[in-house]
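Right, one structure below, let's go through it.
The values are calculated or read from the model by the stated rules, or taken from the named source; none is laboratory data. All figures in this text were calculated on a predicted structure; none of them were measured in a lab. Positions of Cβ are generated from backbone atoms using ideal geometry, with glycine treated the same way; all protein chains shown enter the neighbour counts. Accessible surface is based on the protein model in full, side chains and every heavy atom, while ligands, DNA and RNA are left aside. Shrake-Rupley method; radii C 1.70, N 1.55, O 1.52, S 1.80 Å.
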Amino acid sequence: MGALKPVMTGALGAALSLLASIGMADGAPIIMTGAGSPAAIQPQVDAFRTLLGPLNPSTAGSFGTGRREINWDGVPGALSAPNAMPAGFFNTTSPRGVRFTTPGTGFQVSADAASGIAAEFGNIDPSYPGLFRTFSPQRLFTPLGSNVTDVNFLIPGSSTAALTRGFGVVFTDVDLANTTSLTFFDASDTPLGTFHVPAFPGNETLSFLGVDFGANLVSRVRIVSGNAALGGPESIAADRVVMDDLIYGEPVATIAVPEPASLALFGAGLLGLCAIRRWLSRPRAA
């Protein structure tokens with residue numbers, strides 16, 4: 001796991017130390033993990049939800065606190081397997097403040113039982129329903145043509161960049177250690193750390209990882225799901241992993257950081273003010 005990094009660094013250390021709003025949060029992030037059956041990971045998932053706060057409705061605008069969730073089950077059949085799901089669906093159609101990108105060809109949500117399409121990505125490979133399972137039935141999520149998904153945070157229903165305090169994912173069929181991970185980035189796109197998802201070898205297993213930084217530091221999360229994209233059977237070398245629930249802190253507006261010259265002036269002014277206050281409060285001769 002990488003160390004937390006401040007939003008800004010530079011030669012203004014003395015001045016910046018006076019600005020509580022710039023820098024990293026105190027303490028290490030809280031990490032919640034679990035693996036096995038749905039019942040085995042439920043306590044960790046619920047504890048992570050409690051950390052982030054109450055569930056907010058899927059409406060535009062930021063509530064400032066609380067959390068949002070995506071369980072994929074509200075995606076309409078026309079945007080589910082074998083069709084692609086739009087990358088911005090959960091910021092526009094169902095506003096929850098996230099937009100997905102991938103170096104692959106797009107994203108897909110698995111079909112439900114009523115569709116007549118094979119569930120759990122059986123439309124991609126007939127072996128997949130025997131590998132994967134849901135945490136919250138009936139749908140799962142995956143990038144196509146890649147095992148990498150970037151999650152960018154926005155004020156829900158807008159194109160305004162946002163920050164979140166924490167993010168967690170339920171994965172299914174994580175067989176190999178240190179292949180599935182979450183990497184967090186701050187507002188300047190500096191990595192805050194990479195955290196690995198616990199493996200639980202065997203078919204139809206679940207793994208959960210949630211990371212809470214305790215302050216709104218995160219602008220983007222990179223999800224690496226296994227070490228191979230969907231498109232063929234699993235093997236000893238190819239660990240194919242897909243996702244179920246996403247749980248994350250309410251996206252909030254980023255705090256504008258002054259330009260270096262303005263920041264230097266402001267810092268110098270603060271230091272000058274402190275010097276004046278010390279001079280005024282010095283003991284006087286009788």
Quiz item: Mind checking whether some residue in the range 192-209 is farther than 27 Å from residue 231 by Cα and either in a strand (DSSP E or B) or open to solvent by 10 Å² or more (accessible area, probe 1.4 Å) (or both)?
Solution: yes
Practice problem: Give 157, 202, 122 a once-over and let me know the one that is within 29 Å of residue 80 (Cβ to Cβ) and either of a type in the set (Lys, Arg) or free of Cβ contacts under 8 Å to residues at least 24 places away in the same chain (or both). | Solution: 122
Quiz item: Does residue 158 fit the bill of being surrounded by fewer than 19 Cβ atoms within 10 Å (Cβ to Cβ) and farther than 21 Å from residue 95 by Cα?
Solution: no
Quiz item: Does residue 115 qualify as being over 17 Å from the mean Cα position of the chain (by Cα), without any contact (Cβ under 8 Å) to a residue 12 or more places away in the chain and surrounded by fewer than 21 Cβ atoms within 10 Å (Cβ to Cβ)?
Solution: no
Self-check item: Hits in the range 39-64 - residues which are open to solvent by 30 Å² or more (accessible area, probe 1.4 Å) and closer than 22 Å to residue 88 by Cα
Solution: 55, 57, 58, 59, 60, 62, 63, 64
